[in-house]
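Undergrad: Here it is, the structure in full.
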Amino acid sequence: SGIHLTFAPMTDLVRDPRWGRVMESTGEDPWLNARMAESMVRGFQGDNIAQKGKMASCIKHFAAYGAVQAGRDYNVTELSEHTLFEDYLVSYRAAVKAGASMVMTAFNTIDRKPCTTNRRLLRDILREDMGFDGVIVTDDLYMDAIRTTMEIGEAAVRAVEAGNDLLCVTEFEQQVPAVIDAVHAGRLTEERIEQSVMRILLWKIDLGLIQ
């Protein structure tokens, strides 16, 4: 069908039935959630994502999206470090270990910081601790989740600063020039942009899109 990527599995641990996306989850148990997550990644990708009938998987939503207060989307989360690591990060870690090639950021906040602009979450935990070396993509309309007093361009710059490689639903005329200006101003380095470009190109090679 020409489809090379699926935005799945949704590996969010959910313990509040008020959340509207409970139906997408595989439950409230970290162990079961992790086993389902890694199994789905292997099922989607197989041993070669370029093979006919296989596709790249995208873990979502990083992280702890299912823990939003009162079950409300775009809301805050209040989790201890112990609960975050021992319960909510288990499934993402399992999916990364299984070889997932993409991770999508979440709309919620952790420690009052939006996940999409949370450098510790994306760089220290996902990249360094979990060892993820694939592509990080923002969720749809991510700028609405992180933009309160900032403009759309600034939201894009902060997302790239934090470690995102792809900006989903890009408002080109506002966001791309803002990122370019940030490079010229020294706020973003060319090396940081090249890191994302290289990850995306390598991902496309793995998919068989570039020979």
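The values are calculated or read from the model by the stated rules, or taken from the named source; none is laboratory data. The structure presented is a predicted model; accordingly, all values stated were derived computationally and were not measured. We place every Cβ from the backbone using ideal geometry, glycine too, and count neighbours over all the protein chains shown. Protein only, heavy atoms only, side chains kept; ligands, DNA and RNA dropped before computing areas. Shrake-Rupley method; radii C 1.70, N 1.55, O 1.52, S 1.80 Å.
Undergrad: When residues of segment 149-167 are filtered for being surrounded by fewer than 17 Cβ atoms within 10 Å (Cβ to Cβ), in contact (Cβ under 8 Å) with a residue 12 or more places away in the chain and part of a loop (DSSP other than H, G, I, E, B), how many remain?
TA: 1
Undergrad: For segment 168-179, give me each residue that is open to solvent by less than 80 Å² (accessible area, probe 1.4 Å) and either in a helix (DSSP H, G or I) or within 30 Å of Lys54 (Cβ to Cβ) (or both).
TA: Cys168, Val169, Thr170, Gln175, Val176, Pro177, Ala178, Val179
Undergrad: Would you mind telling me which numbered condition in (1) closer than 30 Å to Gly208 by Cβ; (2) without any contact (Cβ under 8 Å) to a residue 60 or more places away in the chain; (3) assigned to a loop (DSSP other than H, G, I, E, B) Asp73 fails?
TA: (1) is the only condition that Asp73 fails.
Undergrad: Would it be correct to say that Asp87 is farther than 16 Å from Ile136 by Cβ, out of contact with any Pro (no Cβ under 7 Å at 6 or more places or on another chain) and surrounded by fewer than 23 Cβ atoms within 10 Å (Cβ to Cβ)?
TA: no
Undergrad: Moving on. What are the residue pairs meeting all of these: first residue in segment 97-114, first residue surrounded by fewer than 21 Cβ atoms within 10 Å (Cβ to Cβ), second residue part of a strand (DSSP E or B), Cβ atoms under 8 Å, and 6 or more apart or on different chains?
TA: Cβ pairs passing all conditions: Arg112/Val76.
Undergrad: Can you say whether Ile49 is of a type in the set (Val, Ile, Thr), touching a residue at least 60 places away in the same chain (Cβ under 8 Å) and either assigned to a loop (DSSP other than H, G, I, E, B) or open to solvent by less than 70 Å² (accessible area, probe 1.4 Å) (or both), as far as the supplied structure shows?
TA: yes
Undergrad: Output the residues belonging to segment 180-211 that are aliphatic (A, V, I, L, M), part of a helix (DSSP H, G or I) and touching a residue at least 24 places away in the same chain (Cβ under 8 Å).
TA: Ala182, Ile193, Ile200
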